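Written below as structure tokens is the structure these notes are about.
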Amino acid sequence: MKFKQLSFLILLLPSVCFSSEIYFSPDGGATDAVIKHINLSLHEIDVAVYSFTSGEIADALAKAAERGVKIRLIRDQIQSSNKNDENAFLKKSGVEIQIRTGKGRGIMHDKFAIFDGRQVLTGSFNWTENAERNNFENAFFTDEKTVVDAYEKQFEHIWSLPLPARSNVHHHNKSFPG
């Protein structure tokens, strides 16, 4: 009887064991950790990140796309207009990008990534050099299945929403017919 109980516990063990890593900025290695997880990814990477100006992380994503990793990126509309934003570079590298806002006047303020459907990064860490070098930020990685599943569901929810209509904010031509 004791052997059966022990084997049952051994069978349960893999489903309750998970690993986590945490990085804090400034200079806490979050950028290196993000790049490490990108480099280890084999199939797909889904990212929702508010601010993205890190050339190092963009290069790692571009290289992942070159080796056949499917990459989808959700970005905030206002932050994507930053002069140092990496969207244009990533689009040229084959990364699918959706530009989003929040509800009403809201923003797309998420900061998470899912690596091969097995590992999640979340926390306050924006993918910027400022976040790595100057800000107090955190980057938390976990492979806990319930957490990964929740983030995958959220990513798919945002990705599947209708895209916002193109804004005419920069078009001030009063003679436009209409």
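Just so it is clear, none of the values below were taken in a lab; they were calculated from the coordinates. Computed from a prediction, not measured in an experiment: that's the story for all the values here. Neighbour counts run over all protein chains shown; Cβ positions are idealised from the backbone, glycine included.
Some observations on this one:
- For region 37-88, a Kirkwood radius taken over Cα pairs fed into Stokes-Einstein (4 °C, viscosity 1.567 mPa s) yields D = 114 µm²/s.
- Expressed in Å, the radius of gyration and Dmax of the Cα atoms of region 32-160 are 13.5, 38.
- Using R0 = 22 Å, the C-beta based FRET efficiency linking THR146 and ILE22 works out to 0.75.
- Rounded to 0.05, the FRET efficiency of the ASP32 and ASN82 pair, given R0 = 30 Å and the Cβ-Cβ distance, is 0.85.
- Near ARG72, once Lys and Arg are set to +1 and Asp and Glu to -1 for all other residues with Cβ below 14 Å from its Cβ, the sum equals -3.
- Long pairs among LYS70/LYS91; LYS36/LYS83; LYS70/LYS111, criterion Cα-Cα beyond 24 Å: LYS36/LYS83
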